[in-house]
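Following: one structure in structure tokens, then a few remarks.
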Number of protein chains: 6
Amino acid sequence: MSVRKIRKNDQMREVTIIRDYINHPEGSVLISFGDTKVICNATVTEGVPSFLRDSGKGWVTAEYAMLPRATNTRNQRESKRGKQDGRSQEISRLIGRSLRAAVDFQKLGENTITIDCDVIQADGGTRTAAITGGFCALYMACEWMIKEEIITENPISGIVSAVSVGIVLGEPLLDLEYIEDSVADVDTNLVVKDCSDIVEIQGSAEKVAFNRDLLNQMLDLGFAGIEQLTKAQKQVLGI
Amino acid sequence: MSVRKIRKNDQMREVTIIRDYINHPEGSVLISFGDTKVICNATVTEGVPSFLRDSGKGWVTAEYAMLPRATNTRNQRESKRGKQDGRSQEISRLIGRSLRAAVDFQKLGENTITIDCDVIQADGGTRTAAITGGFCALYMACEWMIKEEIITENPISGIVSAVSVGIVLGEPLLDLEYIEDSVADVDTNLVVKDCSDIVEIQGSAEKVAFNRDLLNQMLDLGFAGIEQLTKAQKQVLGI
Amino acid sequence: MSVRKIRKNDQMREVTIIRDYINHPEGSVLISFGDTKVICNATVTEGVPSFLRDSGKGWVTAEYAMLPRATNTRNQRESKRGKQDGRSQEISRLIGRSLRAAVDFQKLGENTITIDCDVIQADGGTRTAAITGGFCALYMACEWMIKEEIITENPISGIVSAVSVGIVLGEPLLDLEYIEDSVADVDTNLVVKDCSDIVEIQGSAEKVAFNRDLLNQMLDLGFAGIEQLTKAQKQVLGI
Amino acid sequence: MSVRKIRKNDQMREVTIIRDYINHPEGSVLISFGDTKVICNATVTEGVPSFLRDSGKGWVTAEYAMLPRATNTRNQRESKRGKQDGRSQEISRLIGRSLRAAVDFQKLGENTITIDCDVIQADGGTRTAAITGGFCALYMACEWMIKEEIITENPISGIVSAVSVGIVLGEPLLDLEYIEDSVADVDTNLVVKDCSDIVEIQGSAEKVAFNRDLLNQMLDLGFAGIEQLTKAQKQVLGI
Amino acid sequence: MSVRKIRKNDQMREVTIIRDYINHPEGSVLISFGDTKVICNATVTEGVPSFLRDSGKGWVTAEYAMLPRATNTRNQRESKRGKQDGRSQEISRLIGRSLRAAVDFQKLGENTITIDCDVIQADGGTRTAAITGGFCALYMACEWMIKEEIITENPISGIVSAVSVGIVLGEPLLDLEYIEDSVADVDTNLVVKDCSDIVEIQGSAEKVAFNRDLLNQMLDLGFAGIEQLTKAQKQVLGI
Amino acid sequence: MSVRKIRKNDQMREVTIIRDYINHPEGSVLISFGDTKVICNATVTEGVPSFLRDSGKGWVTAEYAMLPRATNTRNQRESKRGKQDGRSQEISRLIGRSLRAAVDFQKLGENTITIDCDVIQADGGTRTAAITGGFCALYMACEWMIKEEIITENPISGIVSAVSVGIVLGEPLLDLEYIEDSVADVDTNLVVKDCSDIVEIQGSAEKVAFNRDLLNQMLDLGFAGIEQLTKAQKQVLGI
């Protein structure tokens, strides 16, 4: 008998991706993993950060934030505190690194794409939903650039998807909800390209350290979830 | 012949209010004035700011912000800049003052309700949509408090609605869209309680100063819009 | 019998404007509305903010602040708190908008005039004193620019004055002192150009909302006060 | 023949001290050393910083700032930059240390006196004027505390005065104006208690280092200036 | 033939740990991994953060920073920029999580141990050196608490060590120096408890995503390095 | 009989200066005055601050900071508080001014040398150790510039050394340790060039004001200490 009652251990929550959710951005989706909902908007701007100037190469960066009441208790606005908190910055950097793994910067030219991931409702897995939805917004922005004749070739070199896996009461579970996450011994986030290669793995054990066998079980579950996500991304992007 | 082609000068854009848009807050709506969309969430917390401690009275406050890509060009996050900008603070204060006009703080007891208004898509009139939607979230939070037996009597003393009116090429127009707002000579925001009494009036003429006759014409249009909004609020709140 | 004992309801407190109060600025006055005292200094600088570059047009901006002990209890310095408070920013923006209504930016050329309004003693009406005195400093700075042959024509297109009106115990009163302001039901600030056209109206009812009749009574009083202020401004500026 | 044309090398500029300049503070003066003008306000508050709690002793602290246009070119407001600059903090600390040398903290009881020194016009010697005027405001606040029966005995143990001395083209000069200060080889600030004992000496040579003989000549001039200032302080304080 | 010339692929750089490097802290070491040098200081304070108050449990937290010239080009001080950068915060959080995995908080009582890791010279692997050295400082602080009779039992439940592994030109390498790190396809940090269980794994592929086989090769190398580090820690701690 | 037991009143603590302590900077020493230890690193960068641009002259600036646990109780990191504290800024400015007194900026050309002084262990006299060690790092950086053929002539015009002197229980003492400093009536810092001319003198009496005779006794002790320091500097620099 398993810890989970309704879903199976290797089953994702319902995944939905709504295209063109906001009308101003060059790419925009609302992605949901169950009750977790993230608006992902892509903005294209000419030019690149100074360390890339005159390199002929582009850049992709990301920013992650939560609305104050995305969670059960209200968080103070980061703008009120006068700074981004450490967690937000860390996740922003993770999203940026993950998405850059799927981009041929030569083909992007000296342009920057900024992916804003704003969590409007949180129930676990916000960072993996943000990466998965952020990829869709990024892809749409690249298509927009081709349509606008800013670039000629699509710089996207693969599909990036992300999922969380955890160990709860000794059992590996895919796609943790908040209530599961809060009692997990281990929490692992897995970012994968084209369902095969790891872009990023972050496994963290505040409660109980884990051996290599458990790591492998978590990877098996994670790769199964990635398959489901990639399928949903392809469908919404029509690829 | 009028400046406006599709709507009449005294006609609101389509107004929609979706209840329970986010599941965590004690009150939550998504309000739209045409393409302007604002998530309004109400949070109830025990206790009051220090200036009200031991007064037996409650407090209502508000915070207004925009997602970076709510507008046509991306705005830098306030958390990145390290502070709220002046405009956001000014609108936050306006929303707070406006909503407090409808609350009997004695009946609220020593509790605080915080209204978060986050603009996810902007097309003019974001502050008036925020006040109108914020009132709905506030009302829902008060009903929640009664249901949870935190208070016994509803502290809401009237319905607060807000609308913008402007003068474009000499003609008074109700509920300006962004494109109208950007060429307006005068921009006036009107907050009204129970369709009759003014809670707040802010009229501002950067381009052309206006006489009392034009002020009165704007007030006529504004009160007409307020009627339509109050009706929509009543319907969604079931009052 | 009126709420007020000494002044009449439509009477300003004593208004004095001292020219050249500080010797460094291009325009400087100390303005007093009764015990409210504000130093208004104008600074002329070459160039304009980036959004106006190469437009051939100039800019006017303002900053408002209070000394820590301008009020009865000491306020912490904004520089200590690490930011301007919301109220200061809001008033700074109001002063800037109000003064820009009186300037022909083409005639100003690509120059910026900054109006610093520093309240050294506060007794109600600091923002209206700041606008009225700020206009004088602005006018003096324009005269200085002509004398220095930076511009050839005076860019000032009218006289801007500002006054507060309130409702205390149901009675409209002109130019509220602090003690009146603290018990007022409604507080309205009125900025007028050339004694006839409204540049800005801000009426706010935290305690009791007001109907259009009371709004009109407040406007009558306000315009009466504006007449007195404009006369004082003309006298000190010799126009 | 001397570098100075009008004043003698050992002559102060005209010193004036106006009592009760601002009406809210517990002690207030406007002090001028020639064209340098500083408002010094003293605020009395109950209680002390945490490191003195339950010690039975009081505290004196100071804050120094300049209006943006106190100088010939406008300085950005510290509140805009989001922090006090290093120079302001350094001078604030100097004023606090200097004034504390004249206070018996046992007699002050657990109360804090904050001295705000705001330079409204600067022409050299702003920190020495601030200390000299700050002492007057501090003394007045102590008298106020006795009158209000907060304390029974005057905690002031001596008169603190401060003056600057410099070396210009090899010649020691008392009380440097801005134009002299800007070409000085050495700039020394001297804070003295009761015309005899040194509370603080700060001599600084960015251009030319100085030997002990020159130091002694500067001290002679400085003590002469201190005599004149102490006399002015006694007169305005009636002691 | 390997990418590396001098060290073998599975060989650590020289590791040295100097005890009692700074004399004030309750635990202090200077740890070197080759030319990477980190001062790790442990501070014991009574009490815990608010979320643990009255739980009977203690807390361990960490802060990581670099001296401006720890690297080849000078970094601006974080205090000058007015905030910690994202990388520093992320590493601080990683160190804290890693060390907490080795602590029985019940035995620590309501006390907090803060581990400061200041990099004085950087040549790759600063975060893994910080964790490994930070553990030693933490252990020493716990011994000090027993000696001072603050606690009775040692709360340390295992030895935490950390090492980096990377893939350079397709080849897995242990303990990357800066020059290797800058060309690596993959960079993985591994934190292990008692040479057997994973506390944290962070693998990141900005250049080339990696399959599970390569992940396993990196883990093999990493565990080999951990053995060497744990031995060095035991020796310096005398356990 | 003296207050001091071990050292004589005119005796420095042991002074050691280790060259090339950190390997990245253009000049680097670890200086110790007894238990006070400061890392001084010099960084050479092309270009100068804007106020010197196109002047043909260079610049020298300094930054001073303490590790959190350099002192007996831990200080919060300045980067956490979001700003440098007043004391750090004041000392940074003092070090910069002191070192600039020894530089011919014409010979330095349009280059900037930044001296970072990071106190890793504090026991009184950190600012004087920082100036004395900072001079060595500065000198080494100038030698490096000649070797790299960035400049042709050494811009150093003399040797700058600094020492503290205090009055403890009425007795003048050279080079105060923390325990002496904490009970001193007077604390004086003396910066001298070439053992003869004063660059900076800062004497401060929070407890007991001092007369000119005591000032002279302190200066005698200070100059004696300076001789010892200059000798140590010459030896380590080989001049």
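Scanning segment D:22-58 for residues that are over 12 Å from the mean Cα position of the chain (by Cα) and small (Gly, Ala, Ser) yields D:27, D:28, D:34, D:42, D:47, D:50, D:55, D:56, D:58. Does residue C:56 satisfy being at positive phi and without any contact (Cβ under 8 Å) to a residue 40 or more places away in the chain? Considered against the rule, which asks whether it is at positive phi and without any contact (Cβ under 8 Å) to a residue 40 or more places away in the chain, residue C:56 comes out as no.
Residue-by-condition table, conditions (1) among the small types (Gly, Ala, Ser); (2) within 10 Å of another protein chain (Cβ to nearest Cβ):
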| position | (1), (2) |
| --- | --- |
| C:84 | no, yes |
| C:95 | no, no |
| C:105 | no, no |
| C:117 | no, no |
| C:148 | no, no |
| C:154 | no, no |
| C:158 | yes, yes |
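Report yes if residue A:221 is in contact (Cβ under 8 Å) with a residue 24 or more places away in the chain and closer than 21 Å to residue A:27 by Cβ, otherwise no. No; evaluated as a whole, the condition is false for this residue.
The single condition among (1) without any contact (Cβ under 8 Å) to a residue 40 or more places away in the chain; (2) in contact with a Lys or Arg (Cβ under 7 Å, 6 or more places away or on another chain) that residue D:236 does not satisfy is (1). Number of residues in segment F:205-228 that are of a type in the set (Val, Ile, Thr) and either within 24 Å of residue D:96 (Cβ to Cβ) or part of a strand (DSSP E or B) (or both): the value is 1.
Against the test of being farther than 26 Å from residue E:156 by Cβ and not hydroxyl-bearing (Ser, Thr, Tyr), the options E:62, E:102, E:70 yield a single qualifying residue, E:70. Taking segment A:170-183 as the range and being surrounded by fewer than 22 Cβ atoms within 10 Å (Cβ to Cβ) and either part of a loop (DSSP other than H, G, I, E, B) or among the basic types (Lys, Arg) (or both) as the test, the residues that pass are A:170, A:177, A:182, A:183.
Residues in segment D:159-169 that are open to solvent by 10 Å² or more (accessible area, probe 1.4 Å) and closer than 19 Å to residue D:227 by Cβ: D:159 only. If you scan segment A:213-225, which residues turn out to be at the interface with chain E (Cβ under 7 Å from one of its Cβ atoms) and either loosely packed, with under 15 Cβ neighbours inside 10 Å or closer than 15 Å to residue A:169 by Cβ (or both)? Matches in segment A:213-225: none.
Scanning segment B:55-62 turns up at least one residue that is within 13 Å of another protein chain (Cβ to nearest Cβ), of a type in the set (Gly, Ala, Ser) and closer than 23 Å to residue B:87 by Cβ. Of all residues in segment C:191-212, those that are aromatic (Phe, Trp, Tyr) have Cβ atoms under 9 Å from Cβ atoms of residues that are not in a strand (DSSP E or B), 6 or more apart or on another chain, in C:210/C:185; C:210/C:218. For segment B:184-192, the criterion of being open to solvent by less than 10 Å² (accessible area, probe 1.4 Å), more than 18 Å from residue B:15 (Cα to Cα) and either of a type in the set (S, T, N, Q) or in contact with a Pro (Cβ under 8 Å, 6 or more places away or on another chain) (or both) is satisfied by at least one residue.
For residue F:51, only one of the following conditions fails: (1) within 23 Å of residue F:162 (Cα to Cα); (2) more than 10 Å from every other protein chain (Cβ to nearest Cβ). What is its number? Residue F:51 satisfies all of (1) within 23 Å of residue F:162 (Cα to Cα); (2) more than 10 Å from every other protein chain (Cβ to nearest Cβ) except (1).
Would you check if there is a residue in segment C:40-60 being touching a Phe, Trp or Tyr at 6+ places or on another chain (Cβ under 7 Å), open to solvent by less than 10 Å² (accessible area, probe 1.4 Å) and either polar (S, T, N, Q) or within 30 Å of residue D:28 (Cβ to Cβ) (or both)? Looking through segment C:40-60, none of the residues is touching a Phe, Trp or Tyr at 6+ places or on another chain (Cβ under 7 Å), open to solvent by less than 10 Å² (accessible area, probe 1.4 Å) and either polar (S, T, N, Q) or within 30 Å of residue D:28 (Cβ to Cβ) (or both). Segment D:61-139 holds helices (runs of 4 or more DSSP H) entirely within its bounds, and those carrying 1 or more residues that are under 12 Å from the mean Cα position of the chain (by Cα), surrounded by 24 or more Cβ atoms within 10 Å (Cβ to Cβ) and among the hydrophobic types (A, V, I, L, M, F, W, C) map to D:86-100. Going through segment F:12-33 one residue at a time, which ones are part of a loop (DSSP other than H, G, I, E, B) and either open to solvent by 30 Å² or more (accessible area, probe 1.4 Å) or at pLDDT below 95 (or both)? F:14, F:20, F:21, F:23, F:24, F:26 - these are the residues of segment F:12-33 that are part of a loop (DSSP other than H, G, I, E, B) and either open to solvent by 30 Å² or more (accessible area, probe 1.4 Å) or at pLDDT below 95 (or both). Residue D:167 meets all of the listed conditions (1) part of a loop (DSSP other than H, G, I, E, B); (2) away from every other protein chain (no Cβ under 11 Å) but one, namely (1). Candidates A:175, A:181, A:213: the one that is acidic (Asp, Glu) and farther than 24 Å from residue A:91 by Cβ is A:213. In the set (1) in a loop (DSSP other than H, G, I, E, B); (2) open to solvent by less than 10 Å² (accessible area, probe 1.4 Å); (3) of a type in the set (D, E, K, R), residue C:153 fails one condition alone, (2).
Conditions (1) away from chain A (no Cβ under 11 Å); (2) closer than 30 Å to residue A:102 by Cα; (3) of a type in the set (Asp, Glu), marked per residue:
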site	(1), (2), (3)
E:187	no, yes, yes
E:192	no, no, no
E:197	no, no, yes
E:203	no, yes, no
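The values are calculated or read from the model by the stated rules, or taken from the named source; none is laboratory data. Keep in mind the model is a prediction, meaning the values are calculated, not measured. Cβ coordinates were reconstructed from backbone atoms using ideal geometry, including for glycine residues, and neighbour counts include every protein chain displayed. Quick note on the areas: whole protein, heavy atoms, side chains included, nothing else; ligands and nucleic acids left out. Shrake-Rupley method; radii C 1.70, N 1.55, O 1.52, S 1.80 Å.
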